[in-house]
């Protein structure tokens, strides 16, 4: 396969993955909003969804690593690596504040 075609495919793959990362970020935000609702059914649904979004986030990180391996065919990938942001942050609360 000619190098120009590999570069084109690498660019398409990077764009697709960037879009999937954006969609996953939005989904994580919606899930976080659902978790704060007073509706217990929505809270339960958001807990399961948050786990799936976290798994998807890890898969996308792996995909970005694989895309970076194509930088020899597409120099643009080497110059502009994707921004990595954590989609989900886990917080462990050991003590709740006392209400007065």
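The values are calculated or read from the model by the stated rules, or taken from the named source; none is laboratory data. Just so it is clear, the model here is predicted, and its values are computed rather than measured. Note that we place each Cβ from the backbone using ideal geometry, even for glycine, and neighbour counts take in every protein chain shown.
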Any chance residue 85 is in contact with a helix residue (DSSP H, G or I) (Cβ under 9 Å, 6 or more places away or on another chain), modelled with pLDDT of 80 or more and not in a helix (DSSP H, G or I): no
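Go through the residues of region 36-46 one by one and say whether even a single one is assigned to a helix (DSSP H, G or I), touching a residue at least 12 places away in the same chain (Cβ under 8 Å), surrounded by fewer than 17 Cβ atoms within 10 Å (Cβ to Cβ) and out of contact with any helix residue (DSSP H, G or I) (no Cβ under 6 Å at 6 or more places or on another chain).
Taking every residue of region 36-46 in turn, none turns out to be assigned to a helix (DSSP H, G or I), touching a residue at least 12 places away in the same chain (Cβ under 8 Å), surrounded by fewer than 17 Cβ atoms within 10 Å (Cβ to Cβ) and out of contact with any helix residue (DSSP H, G or I) (no Cβ under 6 Å at 6 or more places or on another chain).
Anything in region 10-31 that is farther than 15 Å from residue 55 by Cβ and either surrounded by fewer than 16 Cβ atoms within 10 Å (Cβ to Cβ) or touching a strand residue (DSSP E or B) at 6+ places or on another chain (Cβ under 6 Å) (or both)? List them, or say none.
If we filter region 10-31 for residues that are farther than 15 Å from residue 55 by Cβ, which is where we start, we get 10-19, 22, 26, 29-30.
Hits for region 10-31 are 12, 15, 16, 18, 19, 22, 26, 29, 30.
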Residue under evaluation residue 66, criteria (1) part of a loop (DSSP other than H, G, I, E, B); (2) under 12 Å from residue 14 (Cβ atoms); (3) at pLDDT 65 or above, criterion not met: (1)
